[in-house]
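Take a look at the structure below.
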Amino acid sequence: MSAAAPAHGRLPGWVYVPAALAAALVLLPLAGLLSRVDWPALPVLLTTDTALDALGLSIRTAGMSTALCVLLGVPLAFVLARSSFPGLALLRALVLLPLVLPPVVGGLALLYAFGRNGLLGEVLELGGLRIGFTTAAVVMAQAFVSLPFLVLSLEGALRLEHRRYELVAASLGASPSVVLRRISLPLVFPALVSGAILAFARSLGEFGATLTFAGSYQGTTRTLPLEIYLQREVDPDIAVALSLLLVLVALVGVLLTASRQLRGRR
């Protein structure tokens with residue numbers, strides 16, 4: 001009787017110990033948050049005037065910032081993935097910089113660029129256009145921190161996707177615009193949707209850049225994370241309830257992204 005063939009691809013047992021610690025590092029804080037939720041009063045806490053104002057503003061601005069990310073990020077991802085010119089690596093690094101940059105630093109950068117006394121802000125003020133500490137500033141702050149998520153997701157898909165269909169279409173006389181619209185975009189559409197979902201979730205949770213560049217004015221710039229920060233000292237129960245809402249929205253976004261990626265692999 002021959003010996004059983006050795007199993008391939010098995011992990012050493014010790015790997016599960018740090019893996020469990022890593023999972024606990026993420027899950028235990030969430031469990032702590034859930035333990036502080038006043039479940040019977042949750043509907044009331046989520047329907048206060050300030051909470052509804054913050055929630056409505058967050059959804060509107062996150063939607064607009066996601067649309068802005070798609071409008072600007074898709075062409076940028078194609079340039080980064082399909083072009084070759086001096087300084088391309090530096091451009092890619094700068095585009096992805098908000099991923100590692102502290103949000104408050106990003107807010108300061110936006111303020112010094114588009115604020116009243118900023119690099120472009122003075123010119124915009126002369127034209128009667130004010131951005132700093134307005135709802136437009138919220139959208140720009142959210143787009144600043146969310147754009148790299150969409151670009152990174154789409155650029156990765158473009159690099160993995162084989163270009164034979166694009167080359168065949170071009171050899172048959174299709175113009176670059178037709179190839180982009182009819183071939184390239186449909187091929188990477190799942191990655192585009194995943195990137196847009198991640199950008200929306202990141203925009204919804206943006207705090208530091210928004211506070212620095214847009215301030216905190218109810219109904220104008222006070223988004224859900226800012227409302228949570230203010231309610232933390234005034235009414236912790238409302239802060240916990242709103243935090244739970246953000247966690248649920250982020251979880252839905254991550255699950256949708258993961259499910260689309262799984263379907264794409266299949």
- Query: Of all the residues that make up the range 232-253, how many are β-branched (Val, Ile, Thr) and surrounded by 13 or more Cβ atoms within 10 Å (Cβ to Cβ)?
  - Reply: 4
- Message: From the list Leu248, Leu198, exactly one residue is of a type outside the set (S, T, N, Q) and touching a Ser or Thr at 6+ places or on another chain (Cβ under 8 Å). Which is it?
- Response: Leu198
- Query: (1) part of a loop (DSSP other than H, G, I, E, B); (2) at pLDDT 95 or above; (3) of a type in the set (Ser, Thr, Tyr): which one isn't true of Thr61, the others all being true?
  - Reply: (1)
- State whether one or more residues within the range 178-191 are closer than 17 Å to Leu55 by Cα and touching a residue at least 40 places away in the same chain (Cβ under 8 Å). no
- Query: Do we have any residue at all in the range 5-28 that's assigned to a helix (DSSP H, G or I), in contact (Cβ under 8 Å) with a residue 60 or more places away in the chain and surrounded by fewer than 16 Cβ atoms within 10 Å (Cβ to Cβ)?
  - Reply: no
- Query: Could we say that Ala214 is closer than 30 Å to Gly132 by Cα, touching a residue at least 40 places away in the same chain (Cβ under 8 Å) and buried (at least 21 other Cβ atoms within 10 Å of the Cβ) here?
  - Reply: yes
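One line per residue, one yes/no per condition, for (1) buried (at least 20 other Cβ atoms within 10 Å of the Cβ); (2) of a type in the set (Gly, Ala, Ser); (3) under 30 Å from Gly253 (Cβ atoms):
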{"residue": "Leu111", "(1), (2), (3)": "yes, no, yes"}
{"residue": "Glu122", "(1), (2), (3)": "no, no, no"}
{"residue": "Arg130", "(1), (2), (3)": "no, no, no"}
{"residue": "Thr134", "(1), (2), (3)": "no, no, yes"}
{"residue": "Glu155", "(1), (2), (3)": "yes, no, yes"}
{"residue": "Ala174", "(1), (2), (3)": "no, yes, no"}
{"residue": "Leu185", "(1), (2), (3)": "no, no, yes"}
- Tally the residues that are basic (Lys, Arg) and within 15 Å of the chain's Cα centre (by Cα), restricting the search to the range 69-120. 0
- Task: Identify the single condition in (1) part of a helix (DSSP H, G or I); (2) closer than 21 Å to Leu204 by Cβ that Leu101 does not satisfy, given that it satisfies every other one.
- Result: (1)
- Note on the structure: Reported set for the range 40-99 where residues are surrounded by 13 or more Cβ atoms within 10 Å (Cβ to Cβ), closer than 16 Å to Pro225 by Cβ and of a type in the set (A, V, I, L, M, F, W, C) is Leu46, Ala51, Ala54, Leu55, Leu57, Ile59, Ala62
- Task: Scan the range 220-247 residue by residue and report those that are over 23 Å from Val104 (Cα atoms) and not in a helix (DSSP H, G or I).
- Result: Asp235
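The values are calculated or read from the model by the stated rules, or taken from the named source; none is laboratory data. Predicted, not measured: the structure shown is a model, and the values here were computed from it. Cβ coordinates were reconstructed from backbone atoms using ideal geometry, including for glycine residues, and neighbour counts include every protein chain displayed.
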